[in-house]
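Worksheet: one structure, shown below.
Every read-out reported here was derived from the displayed coordinates using simple, explicitly stated rules and does not represent laboratory data. Not measured: the values here are computed from a predicted model. Using ideal geometry, Cβ is built from the backbone for each residue, glycine included, and neighbour counts are taken over all protein chains shown.
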Amino acid sequence: MRNEQRVVQRSALYSRLLALLAVLAAVAFVYTVVRENLPPRLTADWPWKLRLLDFQSATAAVIATVGAALARAQYARAVRPALGYTCRVLAGHAPGGALAWSCHAFNGAQDVAVVTAVGYQVRFTGEPEQPEPSSWSDRDEVVAACVARGLVDRQDLWIDLIGGGRPVPGQGTMFLAWFAERALADIETVLVRVRVVDRVGDVHERVLDLFRGVNRHPAAPDPHPFQLD
């Protein structure tokens, strides 16, 4: 299963349009160079009779459009979100202060990202493993499937409701879910597909495996991942 971050959609305005303009400028440049080197008898007839740009203007158009495309690519890299996640045993989430497997997503970049969609896939103990997720469910469907297995919402597990438009600030975190010991025994794995849009309109996706390295029988809270002592 692919779980690295990837771009699933580029902004049409800021990506495809610039690429199209660069291609048109390159075509005009090639046409102008060829036309300027033809003998006068050929430029008197079509299609070489048509004069699009002079050599200086064609060169300037290529430099401007290619430069704009490169600048856009560089800026897109600068504002690209860095999606990650962390899961560990924490106290205080489950009822009565019981220990729970708690999961958070984070944006390790400097710029804000905005959630466009979140999908879930849950596989219970004893169910066959799928090499690739075939379909994604929303939060309510996953909770209903867990309740149908006998788990109690807000007692054995809690999956946060994350709607489209939720910002994930740079260096910020976003709570995803927690699972108490009973849910940890009945659930084999939970996958979360997070899609966010950045400042230039590109949509990024990452699939988070919340039960990777799970502690199914927690005995004590885990230390903070960035704790030094």
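How much length, in nm to one decimal, is gained on full extension between L52 and E4, taken as 0.36 nm per residue of separation minus their Cα-Cα distance? Each step should come with its number before you reach the end.
On the way: separation 48, 0.36 × 48 = 17.28 nm, distance 4.60 nm.
In short, 12.7 nm is gained.
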Which distance in Å, rounded to a whole number, links the C-alpha centroids of segment 129-156 and segment 1-31? 38 Å
Out of D138, D156, D45, any idea which swings most in a Gaussian network model of the chain, alpha carbons joined below 10 Å? D45
Apply the membrane-span-like helix rule to the chain: whole DSSP H runs, Cα extent along the own long axis of at least 20 Å, mean Kyte-Doolittle hydropathy at least -0.5. List the helices found. 17-36, 55-78
Candidates L184, L83, L17; GNM for the chain (alpha-carbon contacts under 10 Å) flags as most fluctuating L17
State the percent of C-alpha pairs, over all pairs in the chain, separated by a distance greater than 32 angstrom. 41 percent
So, with points 7 Å from each Cα along the Cβ direction, the R166-V27 label distance in nm works out to 4.5 nm
Go ahead and estimate [θ] at 222 nm for the chain from helices alone: -39,500 (n - 2.57) per DSSP H run with n ≥ 4, summed, over the residue count, rounded to 500. -9000 deg cm²/dmol
Per 5 Å bin from zero, what fraction in whole % of the C-alpha pairs of segment 11-78 is there, up to the bin with the longest pair? 3, 18, 21, 17, 13, 10, 8, 5, 3, 1, 0
List the extent of the Cα atoms of segment 141-229 along each of their three principal axes, largest first, rounded to whole Å. 44, 41, 19
For the chain, set up a GNM with springs between Cα atoms under 10 Å and report which of P128, P81, P47 has the largest fluctuation. P47
